[in-house]
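Each remark here refers to the structure printed beneath this line.
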Amino acid sequence: MNRRSFLTSAIPASGLLAQAARPAGNLKITDIRDVRLRVVKDVGSVEPAWNVGGSMSFRVGGGSFVEIHTDQGLVGIGPGIGRASLERIKSLLVGKDPFDIEQHHPRLRYYASRSLAGVDIALWDLMGKASGKPLYKLLGGAKDRVPAYASLIRLSTPEERARLATQLADEGWTALKLRLHHQTMKEDIRTVEAVRKAVGSRMEIMTDANQAQSTGNWQPGILWDFRRAVDTARELQRLNCYWLEEPLRRYEFRMLAELNGLVELPIAGGENNRGIHEFRRMLEEGVYDILQPEGMGGGEGITGLQKIRALAEAYGKLAVPHHGGGQLGTVAHLHLVAAWRNAPYLELLHDPPIASYRHRYEIMTDPPLVRKGWVDLPQDPGLGVEIDPDMIEKS
């Protein structure tokens, strides 16, 4: 099969799977609700490496989740969408069959793009529940457990990062990601060298520059030019790193492709890119070896990421979704990684103790936890998780 034929057959896969799994008797959406969660505990905050002087808070609870109700009593859940767009979304979906996902996705994208991801995930959760299948099985079921990597958040000393890496390796984690945001390349490489010396071959080391050629308020004081990106990539290659993520700004396609052609180390990125057209261009121009689409925020949800994954596979590239927000969005990404043959890892924001991934998971009654570096897929239908009733804000 040639590439054009492959894409023609692969891109609508989300819709074909939904149709194939349709239960007897069509479901009908009757209501959509955004349900608020109470804050149980403020854990604390950390300064993210990509936002010098800023703060990233961690707490147990808070925010909201979306519910999609049906005439057969089934309820799909997804990340919260807020209440501003609720009536618009109801006008698009109430009375419709949730399995008609290829009709819903473009309408949501056009009329309610900021809420698309949460609603799309809830629709897929609903389809899984209606079919009696966990979501990863509905999407293809390539594997029933996946390795997770600890995506560190803070910029710290080489010694502290090495201590934490050793702790994670001793707990069974097999991969972690370091932030490269020091003033000099020498300091960045010292951190990677310290971690590599501490963990040896026990862990894969990913690295992230978070578009380190940016200027202004974004990353004040940090400025990577093309030369620093190339030299850094070559040093990371010497240290046997797994990838270098976002070494330049996200729309510097020409320079990114040139960089990628000069080094053997895989170059990764795409979390801030939007729309299948951008990912197609990046693949056509050889920008990245590893695509990292985001399903949440202004992302594409499960339906859109399925298509980006198919594109990546057609070009012989890996796809590793960006972290997904840390709650139900991350669980959705877990199912995607399990369903995709070309997805080697699940990203979890995890920089304990304050920035542990477990804090955001505590809204769920039985969240899928990391055990010796691996996450077993939930076997209940849909996302396979439910919101703890005690976390719901009383009206």
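Read-outs: derived from the displayed coordinates by stated rules, not from any lab. Keep in mind that this is a model prediction, so the values were computed, not measured. Don't worry about glycine lacking a Cβ; one is built from the backbone with ideal geometry, like all the others, and counts go over all protein chains shown.
Taken as Cα centroids, region 320-375 and region 235-310 sit 20 Å apart, rounded to the nearest whole angstrom.
Karplus-derived 3J(HN,Hα) values for region 143-148, using 6.51 cos²θ - 1.76 cosθ + 1.60 with θ = phi - 60°, are 7, 9, 7, 9, x, 10 Hz; glycine and proline are entered as x. Close amide H partners of V43, meaning residues 5 or more places away or on another chain with modelled amide H under 5 Å apart, are F58, R59, V60. A simple packing score, the average count of other Cβ atoms within 10 Å per residue, orders the peptides 60-71, 195-206 as 60-71, 195-206, with the highest score first.
Considering Cα pairs under 8 angstrom that are at least six residues apart, work out the relative contact order of region 337-380 and quote it in whole percent. Don't skip to the answer; put the middle values down first.
Working: 21 pairs, mean separation 9.0, N = 44.
Answer for region 337-380 is 20 percent.
Neighbouring Cβ atoms within 10 Å as the yardstick, rank K186, K394 fewest first. Present the calculation step by step, with values, prior to reporting the outcome.
Working: K186 9, K394 5.
So the residues, fewest neighbours to most, are K394, K186.
Relative contact order, whole percent, for the chain stands at 21, derived from Cα pairs under 8 Å and 6 or more residues apart. Taking amide H as placed 1.01 Å from N in the peptide plane, the amide H of S151 sits under 5 Å from that of K177, L348, L349, H350, each at least 5 places away or on another chain. Relative to the globular-protein estimate of 2.2 N^0.38 Å, the Cα radius of gyration of region 137-391 stands at 0.98.
When L86, L138, L92 are sorted by how many other C-beta atoms sit within 10 angstrom of their C-beta, beginning with the fewest, the order is L86, L92, L138.
Could you tell me the convex hull volume per residue, in Å³, taken over the Cα atoms of region 105-254? Write down the numbers at each step before the final one.
Values: hull volume 26.1 nm³, N = 150.
Value for region 105-254: 174 Å³ per residue.
Here is how the number arises for the chain: DSSP H runs of 4 or more residues each give -39500 (n - 2.57), the sum is divided by the residue count, and the result at 222 nm is -11000 deg cm²/dmol. For the chain, the antiparallel share of DSSP beta bridges with both residues in that region comes to about 55%. Remark: region 357-367, residue by residue, has Karplus-estimated 3J(HN,Hα) of 4, 5, 4, 6, 7, 6, 6, 9, 6, 9, x Hz, where x stands for each Gly or Pro and the curve is 6.51 cos²θ - 1.76 cosθ + 1.60 at θ = phi - 60°.
Highest mean first, what order results for 152-160, 241-249 on Cβ atoms within 10 Å? Kindly include the intermediate steps, with their values, before the conclusion.
Values: 152-160: 17.4, 241-249: 24.3.
Ranking, from highest mean packing down: 241-249, 152-160.
Listed values for region 170-176 are Karplus-derived 3J(HN,Hα) couplings in whole Hz (6.51 cos²θ - 1.76 cosθ + 1.60, θ = phi - 60°), namely 5, 7, x, 4, 10, 7, 8, and x replaces Gly and Pro.
Between Y110 and E284, what FRET efficiency comes out of the Förster formula 1/(1 + (r/R0)^6) with R0 = 35 Å and r the beta carbon distance, rounded to 0.05? Don't skip to the answer; put the middle values down first.
Values: r = 25 Å, r/R0 = 0.72.
Efficiency computed from Cβ-Cβ geometry: 0.90.
Sorting 37-49, 125-137, 330-342, 265-277 by average packing, meaning the other beta carbons within 10 Å per residue, from highest down gives 330-342, 125-137, 265-277, 37-49.
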